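Below you'll find the structure, written out as structure tokens, and then a few comments.
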Amino acid sequence: GDFVRNYSKKIGIMGGTFNPIHYGHLMIAEDARCFCNLDEVIFIPSGNSYMKEADDILPGELRFQMVKTAISSNSHFTCSDIEIKRTGNSYTYETLEELRKLYPEAELFFILGADNLFSIEKWRCAEKVFKECTLIAASRGEVVFDSLKKQADSLKETYQANVILLPERKMDISSTEIRERILNSQSVRYMMPEGVCNYI
């Protein structure tokens, strides 16, 4: 039957290609940590994402090192290479199952961009994702908050999903823009932690 788990800690999971990681990612993670009282946030750079074209994505090991550099000054942030080490395509539900084994005592929160809330039903084994964790959706201002709220309610109704919406924040940094600026020898300083700039 259903039993209520007594969790001793709350862990946020921040997945992404982090190609490269920038202040936008870090602000969302910190917003989620404070808003939901998370004890820690684990950054998980994606392995082979079946959703994205692999050509312009840096090798996992490099992205992992950049994330480690970016979060080094925040004691609540950690980084895991479980998706990079996994062979074949990476699926979120597998990552959650692995984390559940690693942290049986933790309540898991999966942090994602608002736009993902509209495609998550198409994810592999989506219902397992809804079962294993609470979703924290971060709106960067391009998705209308009302439509977001509607989608969250619909996921609650259809899948009994738990969805928390973070307060909106306007954020105008993207990994795509950073890659373009680097290609054009333009400055990316102040868009990402200095350590990541130096690493690049």
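General observations
- For region 116-200, diffusion coefficient by Stokes-Einstein and Kirkwood Rh (Cα), 20 °C, 1.002 mPa s, µm²/s: 140 µm²/s
- Residues in the chain average 54 Å² of solvent-accessible surface per residue, probe 1.4 Å, ligands and nucleic acids excluded.
- Fully extending the segment from residue 39 to residue 7 would add 10.4 nm, taking 0.36 nm per residue of separation and subtracting the current Cα-Cα distance.
- Built from the Cα atoms of region 23-109, the convex hull projects on average onto 6.2 nm², one quarter of its surface area.
- Against the chain, whose longest principal axis comes from its Cα atoms, helix 60-71 is set at around 90 degrees.
- Carbon/sulfur fraction of accessible area - the chain, other protein chains in place, 1.4 Å, %: 49 percent
- In this structure residue 157 has an accessible area near 150 Å², from a 1.4 Å probe over the protein heavy atoms.
- Label point distance in nm, residue 31-residue 160, each placed 7 Å from Cα along Cα→Cβ: 3.0 nm
- Lysine pair count for the chain (Cα-Cα distance under 21 Å; residues 8 or more apart in sequence or on different chains): 24.
- Cα-Cα pairs of region 110-149 separated by more than 14 Å (percent): 46 percent
- Simple Cβ-charge dipole of region 1-160, Lys/Arg +1 and Asp/Glu -1, about Cα centre, in debye nearest 20: 200 debye
- Label-to-label distance for residue 198 and residue 97 is 4.1 nm, based on points extended 7 Å past Cα in the beta-carbon direction.
- Packing rank of 145-152, 62-69, where each peptide gets the mean count of other beta carbons within 10 Å, highest leading: 62-69, 145-152
- Rule-of-thumb Rg ratio for the chain [Cα; 2.2 N^0.38 Å; N residues]: 1.01
- Computed from the C-alpha gyration tensor, the three semi-axes of the ellipsoid equivalent to region 74-127 are 20, 16, 13 Å, from longest to shortest.
- Sorted peptide list for 183-194, 70-81, 9-20, criterion being average Cβ within 10 angstrom, highest first: 9-20, 70-81, 183-194
- Here the spin labels are modelled as points 7 Å beyond Cα on the Cα-Cβ line, and at residue 187 and residue 124 they lie 4.3 nm apart.
The values are calculated or read from the model by the stated rules, or taken from the named source; none is laboratory data. The structure presented is a predicted model; accordingly, all values stated were derived computationally and were not measured. Quick reminder, even Gly has a Cβ in these numbers, built from the backbone with ideal geometry, and neighbours come from all protein chains shown. All accessible areas refer to the heavy atoms of the entire protein, side chains included, with ligands and DNA or RNA removed. Shrake-Rupley method; radii C 1.70, N 1.55, O 1.52, S 1.80 Å.
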